[in-house]
Each structure stands twice: as C-alpha cells, then as structure tokens.
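*Asks:* Handing you this structure, nothing more for now.
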Amino acid sequence: MSTPNQTYPFIANIKNRPEVIAHRGGDGEWPGETIGAYENARSLGVDVIEMDIYLTGDQQLVLMHDQAVKKTTDGNGPVESYTCDEIQKLNAGYKWSREGEFPYQNHLADLSPELQRKLRVPKLSDVLEEFGDLRMIIEMKPAFASPAAKLWEMLQKYDMTDKVLVASFSDSYIDEFRDLSQGEVATSLSIEEFGEFVLGFHGFEEHSVKPCVIDAPYWMLTEHLINKIKERGYKVHAWTVNNAEEMGRMRDLEVDGIITDYPKTLLDILGRTPK
C-alpha cells in the first residue's frame with residue numbers, strides 16, 4: 001500500500017492533539033487575515049495560524065479570504081485589480097464588527113496609527129517576518145493566476161519551508177507547488193484528491209511528492225472516515241469548527257487539528273487555558 005511521507009517537519013513538530021488552528025487568525029475574535037488577528041492568536045497560545053493568499057496586479061502576495069475585496073474591506077473589485085501599495089490602503093476590518101471594540105466601517109486613514117498597522121491588508125512577507133516563530137497553513141485560493149511560484153520563492157527566502165503546510169482547493173495550483181518544492185514543504189490534499197480519496201481511489205498517492213494532511217469539513221467526519229484516513233497514514237484537520245459541541249465531537253474523534261474562528265473557545269474546551 002502506498003502511504004504518504006510523514007517525515008515533514010511540519011508534522012514532526014506537532015506538540016498537541018488536537019492542534020488549535022486559528023482560521024484567518026481567529027476571525028470570530030479579531031478581523032481575519034490581519035496583523036492584529038495573528039497577534040491575538042499568538043497571545044492565546046494557538047498551535048498554528050491559517051491564512052489565504054492572492055497575487056496583486058503587480059505580482060505581490062497579500063492576505064485576503066475572498067478574491068473580491070468588498071467582502072471584507074472598503075474597496076471594490078478583485079485583488080488582482082490592485083497594486084500592493086493600493087490594496088494596503090484598504091481597511092481589512094471594514095466589514096467586521098463587535099460592539100464596543102472595533103470602528104465598524106471606518107476607512108483606514110481615519111483610524112489611529114496603531115489600528116492602521118493592525119488592520120491594513122498584510123503582505124505575506126509581513127506575516128512571515130513578524131510571525132516566523134509560528135507554524136502556518138497557507139492556502140492558495142483559486143484566482144486569475146497561480147501564486148505557487150511566488151509562494152515557493154518566499155518560503156525559501158524567509159526560511160519557512162519547515163514550518164508551513166500549503167493547501168489549495170485547486171488541483172493545478174497544488175500540483176505546481178509540489179513540482180516546484182519537490183517535497184520540501186508539507187501539503188494537504190486538493191479538493192479533487194479528497195474526492196478521489198472518499199470514493200476509494202488513490203492514484204494521486206503514486207506521485208513522487210505526496211500530500212500528508214487531509215483537510216475535511218467537520219460535518220463529513222465520522223469515526224469510520226477518520227479510521228480510513230489514518231489507515232492510509234494521513235493526519236486529519238477538521239474545518240471550520242465554530243460550534244462548541246462540534247469542537248468536543250472533533251476532540252473525541254481524535255482529529256489531529258481543529259480549524260476554528262474561535263481559538264479561545266476551543267482552547268477552553270480542550271482544557272488549555274489561553275495565555
């Protein structure tokens with residue numbers, strides 16, 4: 001039986017089970033995909049921070065959950081319609097509100113210098129520089145162009161190849177990244193590979209560079225499926241688990257990581273008092 005390579009440092013450095021993975025830095029507790037969110041996640045003591053990347057029009061990698069910037073910011077249009085300098089003038093917390101804590105629907109220029117620093121759209125280089133002590137999941141979102149080559153270049157530049165798991169729903173993006181990195185960086189299954197796995201096909205395991213993690217929606221995960229995943233040698237991450245009862249169910253099913261917008265709640269449920 002072909003099994004994935006489990007020698008990746010990202011896997012070898014797992015210290016807790018399940019790991020607390022802050023989705024977008026913990027979007028339920030801070031505006032996601034921002035420096036402020038990742039600072040908050042680190043202060044809580046999460047195991048892994050998660051983020052999504054796109055290429056700007058001038059070929060820079062920035063963090064954004066959706067290709068359309070209006071979903072979270074005070075801008076309009078797709079990420080690729082902006083230069084990096086232009087997109088960093090947007091407030092990444094413009095659409096995020098929690099009473100009494102954040103200035104809802106304020107433009108970045110109207111905020112204090114400290115909030116501007118925390119809420120502007122970050123470059124991936126900013127995150128790699130400031131949070132290089134943390135392990136990360138970086139997802140390549142489908143867009144007008146693949147970020148795989150630029151991502152591989154940056155992970156080498158910032159010496160992060162051992163600390164990152166690269167994910168993507170796009171089969172072509174993840175194939176391209178694996179071809180470039182040649183097994184130096186851990187990857188998870190694409191959506192196509194996951195579909196094949198569920199149906200009982202394992203052809204993708206015959207490639208020279210194999211994935212080592214299966215990211216699955218929590219509602220699909222059962223004891224039977226998790227046993228099947230682990231029998232093939234994979235780690236399993238459940239996403240995106242925001243309900244306390246489901247957090248407990250994932251813990252009891254012994255998944256390896258729980259991806260959540262509410263890392264503080266998850267830490268409480270796991271009996272790990274947030275720092």
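*Asks:* Please list, ordered by first then second residue, the pairs with beta carbon atoms under 7 Å, 6 or more apart or interchain, first in region 223-237 and closer than 21 Å to Ile21 by Cα, second of a type in the set (D, E, K, R) and in a strand (DSSP E or B).
*Replies:* If the second residue must be of a type in the set (D, E, K, R) and in a strand (DSSP E or B), the pairs left are His237/Asp215.
*Asks:* Now for a different question. For Phe197, are the conditions met, namely being modelled with pLDDT under 95, crowded, with 20+ Cβ neighbours inside 10 Å and out of contact with any Pro (no Cβ under 9 Å at 6 or more places or on another chain)?
*Replies:* So Phe197 fits the description; yes.
*Asks:* Out of Asp162, Asp175, Asp133, I need the residue that is in a loop (DSSP other than H, G, I, E, B) and either touching a helix residue (DSSP H, G or I) at 6+ places or on another chain (Cβ under 6 Å) or within 19 Å of Ile214 (Cβ to Cβ) (or both). Which one?
*Replies:* Residue meeting the stated conditions: Asp162.
*Asks:* Conditions: (1) closer than 21 Å to Gly75 by Cβ; (2) touching a residue at least 40 places away in the same chain (Cβ under 8 Å). Met136 meets all but one. Number of the miss?
*Replies:* Only one criterion is unmet by Met136, namely (1).
*Asks:* From Leu155, Leu189, grab the single residue that is over 25 Å from Leu225 (Cα atoms) and either among the acidic types (Asp, Glu) or surrounded by 15 or more Cβ atoms within 10 Å (Cβ to Cβ) (or both).
*Replies:* Leu155
The values are calculated or read from the model by the stated rules, or taken from the named source; none is laboratory data. Everything numeric in this text was worked out from a predicted model, so none of it was measured. Here the Cβ is made from the backbone with ideal geometry for all residues, glycine too, and neighbour counts use every protein chain on show.
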